[in-house]
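Visitor: Below you will find the structure I want to go over with you.
The values are calculated or read from the model by the stated rules, or taken from the named source; none is laboratory data. Everything numeric here is computed off the predicted structure, so don't read it as measured data. In this analysis, Cβ positions are derived from the backbone assuming ideal geometry, glycine residues included, and neighbour counts consider all displayed protein chains.
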Amino acid sequence: MVKINPSEITPEHLFHSRRQFLTGIGALAATALFLGACRGEDALPPAEEETPEDPLTPYDSILNYNNFYEFTTSKEDVALMARNFQTSPWTVTVGGLVNNPKTYDIDDLLAKFPPEERIYRMRCVEAWSMVIPWTGFTLAGLLKAAEPKAEARYVRFETLYDPAQLPGQNSRVYQWPYIEGLRIDEAMHDLTIMASGIYGKPMPSQNGAPLRLVVPWKYGFKSIKSIVRIDLVEEMPVSLWMAASPSEYGFYANVNPDVHHPRWSQSSERRIGEIRRRRTLPFNGYAEEVSYLYEGMDLRKFF
Amino acid sequence: MATLSRHWLRLLTYIGGLLPLGLLIWNYSQDQLTLNPIKEIQLRTGSYALVLLVLTLASTPLSRLLKSRRVLELRRLLGLFTFMYISLHFLNFLVLDYWFDFSLIREDLFEKTFALAGFSAFLLLLPLAVTSTRGWIVRLGRNWKRLHWLIFPAALLAVVHFFWGSKADVREALIYGVIVILLLALRLPVMKRLTARLSRQSAEDTEPGF
């Protein structure tokens, strides 16, 4: 597995100057190799199957390449469409099979569960990916505060339904509002967070303000945006994508290079800002942390 | 006047055929191909190819309707521009997107039916592009027409490729499907007679009565 530690956080400008420096080093090394080859010595063998680095995706790229169909299906236009999105006042209701249901004002919620920084790879089912420094808190904390009942087995999430602000919800192609779901042990996992910001700044509207889910070992569409309701339920929720195309999108949607999709490569991906494809890692590189959740399950069946 | 309009039509076709490529190159130089430029090139070359394919298919019935050889003369040019964009579409996939990584290409070209449909259309159109020259037309004689019948299955495969390649919203692909099927239906003998009658009628309407 390939872990990104919070200590590896590099501010964007430092990151870029570092990359320039590394490029310079690379050029020097190439020159040295070339000169070495001229002398008739054996060049160093190429490093094989080395896991590539995971530099942060620039803030500007994260803000301008979004899948948020409530605004528009055009990734480049979401930022513009989301400019006037109202995220205040905003409430989030935690309910369903819990002993302590509660409706939080967003500011109270963020005060009660202070955010920390988490750098995660984000792998879209459309075979592109980013590395994003989120700020957020664990979903586990929020769920524990609600005291789930014994019969609660799944968590169901719901995005704001407001076609006046979210014109994409007038489209009949999909069944609105956006719904997503997790098994309760997935929801309680330490990697699963509720994010309220990126790069230390408040969550931009196009990225799912004011509060969104982030589940880094699943395809991006599982990480539902602009959440208003979280319910503990007994039955497996049917997500918007499961309803739209059940053969293509399953409930689990774990990043898995061995489960193919009819359109996009799931064996490889393009990191935004890079030219060459990268190999996609099982569970998006988080297998060590999460594979135990799926022990004994046929992941080709439960895709 | 007649030569002027003939030249104009050809000029217009050249401009229409090359303008999308020029725009693509310009946008690339200006860094305007989104944050995922290789994907954008793939989508754009695919769209251009499909529009040009529809225009190629429309030129025969249109020339019959307008009783104009001039429209028919554009058919070969339109067909070649279509093939140019399909080739760019395929080369972008092979070179820029996958960089000849054949282990990935095997999966994404041969194991995905949507890609296979598009690739088959490309393979069907390849001999048509090669035999588009005057020399080949003469050499093949009657068989030239038989060979170039392949544009019909290729067009259907191209639409199927677009339909299967669409994410949930298939409306645009369906519109192309309806247009292509209509253009194919115009080749049926009964439709040929109908268009012939229509063009006769319109000719009678516009001619001064005696």
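Visitor: Here are some residues: B:Phe114, B:Phe162, B:Phe122. Which one is among the aromatic types (Phe, Trp, Tyr) and more than 14 Å from every other protein chain (Cβ to nearest Cβ)? Walk me through it before giving the result.
Guide: Working: B:Phe114 fails: more than 14 Å from every other protein chain (Cβ to nearest Cβ); B:Phe162 fails: more than 14 Å from every other protein chain (Cβ to nearest Cβ).
Residue meeting the stated conditions: B:Phe122.
Visitor: Here's another thing I want to ask about it. Only one residue in B:Ala154, B:Ala121 is of a type outside the set (Ser, Thr, Tyr) and in contact with a His (Cβ under 9 Å, 6 or more places away or on another chain). Which one? Outline the logic, then answer.
Guide: Details: B:Ala154 fails: in contact with a His (Cβ under 9 Å, 6 or more places away or on another chain).
Of the residues listed, the single one that is of a type outside the set (Ser, Thr, Tyr) and in contact with a His (Cβ under 9 Å, 6 or more places away or on another chain) is B:Ala121.
Visitor: How many of the residues in the range A:225-234 are under 17 Å from A:Leu166 (Cα atoms) and surrounded by 21 or more Cβ atoms within 10 Å (Cβ to Cβ)?
Guide: Adding up the residues that qualify gives 3.
Visitor: Right, next: Here are some residues: B:Thr60, B:Thr56. Which one is more than 14 Å from chain A (Cβ to nearest Cβ), assigned to a helix (DSSP H, G or I) and in contact with a Ser or Thr (Cβ under 8 Å, 6 or more places away or on another chain)?
Guide: Working: B:Thr60 fails: in contact with a Ser or Thr (Cβ under 8 Å, 6 or more places away or on another chain).
Residue meeting the stated conditions: B:Thr56.
Every residue, every condition in (1) within 14 Å of chain B (Cβ to nearest Cβ); (2) closer than 20 Å to A:Pro148 by Cα; (3) touching a helix residue (DSSP H, G or I) at 6+ places or on another chain (Cβ under 6 Å); (4) among the aromatic types (Phe, Trp, Tyr), yes or no:
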residue: A:Ser171; (1), (2), (3), (4): yes, no, no, no
residue: A:Tyr174; (1), (2), (3), (4): yes, no, yes, yes
residue: A:Pro177; (1), (2), (3), (4): no, no, no, no
residue: A:Asp190; (1), (2), (3), (4): no, yes, no, no
residue: A:Ile193; (1), (2), (3), (4): no, yes, no, no
residue: A:Gly200; (1), (2), (3), (4): no, no, no, no
residue: A:Leu211; (1), (2), (3), (4): no, no, no, no
residue: A:Tyr219; (1), (2), (3), (4): yes, no, no, yes
residue: A:Ser223; (1), (2), (3), (4): no, no, no, no
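Visitor: Let me ask another. Got a number for residues in the range A:191-207 being under 23 Å from A:Gln165 (Cβ atoms) and either assigned to a loop (DSSP other than H, G, I, E, B) or of a type outside the set (Val, Ile, Thr) (or both)?
Guide: The initial filter retains those residues of the range A:191-207 that are under 23 Å from A:Gln165 (Cβ atoms), namely A:194-198, A:201-207.
Those left that are additionally either assigned to a loop (DSSP other than H, G, I, E, B) or of a type outside the set (Val, Ile, Thr) (or both): A:194-197, A:201-207.
Result for the range A:191-207: 11.
Visitor: Among (1) part of a loop (DSSP other than H, G, I, E, B); (2) buried (at least 18 other Cβ atoms within 10 Å of the Cβ), there is one condition B:Asp31 misses while meeting the rest; what is its number?
Guide: B:Asp31 satisfies all of (1) part of a loop (DSSP other than H, G, I, E, B); (2) buried (at least 18 other Cβ atoms within 10 Å of the Cβ) except (2).
Visitor: All but one of (1) touching a Phe, Trp or Tyr at 6+ places or on another chain (Cβ under 9 Å); (2) in a loop (DSSP other than H, G, I, E, B) hold for A:Arg300; state the number of the condition that does not hold.
Guide: Condition not satisfied by A:Arg300: (1).
Visitor: What's the number of the only condition in (1) over 30 Å from A:Tyr104 (Cβ atoms); (2) out of contact with any helix residue (DSSP H, G or I) (no Cβ under 8 Å at 6 or more places or on another chain); (3) within 14 Å of chain B (Cβ to nearest Cβ) that A:Met242 fails to meet?
Guide: Evaluating A:Met242 over (1) over 30 Å from A:Tyr104 (Cβ atoms); (2) out of contact with any helix residue (DSSP H, G or I) (no Cβ under 8 Å at 6 or more places or on another chain); (3) within 14 Å of chain B (Cβ to nearest Cβ) leaves (1) as the failure.
Visitor: Can you go through A:Pro237, A:Pro216, A:Pro210 and tell me which one is surrounded by fewer than 20 Cβ atoms within 10 Å (Cβ to Cβ) and either at pLDDT below 95 or assigned to a loop (DSSP other than H, G, I, E, B) (or both)? Even if it seems obvious, please write down each step before you answer.
Guide: Details: A:Pro216 fails: surrounded by fewer than 20 Cβ atoms within 10 Å (Cβ to Cβ); A:Pro210 fails: surrounded by fewer than 20 Cβ atoms within 10 Å (Cβ to Cβ).
Checking each option against the conditions leaves just A:Pro237.
Visitor: So, one more: Inside the range A:245-260, can you point out the residues that are in contact with a strand residue (DSSP E or B) (Cβ under 8 Å, 6 or more places away or on another chain) and within 11 Å of another protein chain (Cβ to nearest Cβ)?
Guide: The first filter runs over the range A:245-260 and keeps only residues in contact with a strand residue (DSSP E or B) (Cβ under 8 Å, 6 or more places away or on another chain), leaving A:251-255, A:257.
A:Pro257, the sole residue that qualifies.
Visitor: Restrict the check to the range A:138-151 and report whether at least one residue is surrounded by fewer than 22 Cβ atoms within 10 Å (Cβ to Cβ), over 24 Å from A:Ser245 (Cβ atoms), within 14 Å of another protein chain (Cβ to nearest Cβ) and not hydroxyl-bearing (Ser, Thr, Tyr).
Guide: No, the range A:138-151 has no match at all.
Visitor: Would the range A:285-299 turn up any residue that is within 14 Å of chain B (Cβ to nearest Cβ) and among the hydroxyl-bearing types (Ser, Thr, Tyr)? Full working, then the answer.
Guide: Taking the range A:285-299 first, the residues within 14 Å of chain B (Cβ to nearest Cβ) are none.
No, because not a single residue in the range A:285-299 is within 14 Å of chain B (Cβ to nearest Cβ) and among the hydroxyl-bearing types (Ser, Thr, Tyr).
Visitor: From (1) surrounded by 19 or more Cβ atoms within 10 Å (Cβ to Cβ); (2) among the hydrophobic types (A, V, I, L, M, F, W, C); (3) farther than 30 Å from A:Ile62 by Cβ, pick out the condition that doesn't hold for B:Ile41.
Guide: (3)
Visitor: Between A:Arg263, A:Arg276, A:Arg270, which is within 18 Å of the chain's Cα centre (by Cα), within 14 Å of chain B (Cβ to nearest Cβ) and within 28 Å of B:Tyr98 (Cα to Cα)? Steps first, please.
Guide: Values: A:Arg263 fails: within 18 Å of the chain's Cα centre (by Cα); A:Arg276 fails: within 18 Å of the chain's Cα centre (by Cα).
It is A:Arg270.
Visitor: Quick check: is even one residue across the range B:70-93 touching a helix residue (DSSP H, G or I) at 6+ places or on another chain (Cβ under 9 Å) and within 13 Å of chain A (Cβ to nearest Cβ)?
Guide: yes
Visitor: For the range A:251-266, what are the residues that are small (Gly, Ala, Ser) and either modelled with pLDDT of 95 or more or out of contact with any helix residue (DSSP H, G or I) (no Cβ under 9 Å at 6 or more places or on another chain) (or both)? Even if it seems obvious, please write down each step before you answer.
Guide: Residues of the range A:251-266 that are small (Gly, Ala, Ser), as a first pass: A:253, A:265.
Result: A:Ala253, single match.
Visitor: Looking at (1) touching a residue at least 24 places away in the same chain (Cβ under 8 Å); (2) closer than 21 Å to B:Phe83 by Cα, can you tell me which one B:Lys192 breaks?
Guide: Against the list (1) touching a residue at least 24 places away in the same chain (Cβ under 8 Å); (2) closer than 21 Å to B:Phe83 by Cα, B:Lys192 comes up short only on (2).
Visitor: For a quick check of your reading: which helices (runs of 4 or more DSSP H) sit entirely within the range B:64-170 and have at least 2 residues that are among the aliphatic types (A, V, I, L, M) and either loosely packed, with under 15 Cβ neighbours inside 10 Å or touching a residue at least 40 places away in the same chain (Cβ under 8 Å) (or both)? Working first, answer last.
Guide: On the way: elements: B:69-73, B:75-91, B:102-105, B:113-130, B:134-140, B:142-148, B:151-165.
It comes to B:69-73, B:75-91, B:113-130, B:134-140, B:151-165.
Visitor: So in the range A:163-177, with the set limited to residues that are surrounded by fewer than 18 Cβ atoms within 10 Å (Cβ to Cβ) and among the hydrophobic types (A, V, I, L, M, F, W, C), which one is nearest to A:Gln86 (Cα to Cα)?
Guide: A:Ala164
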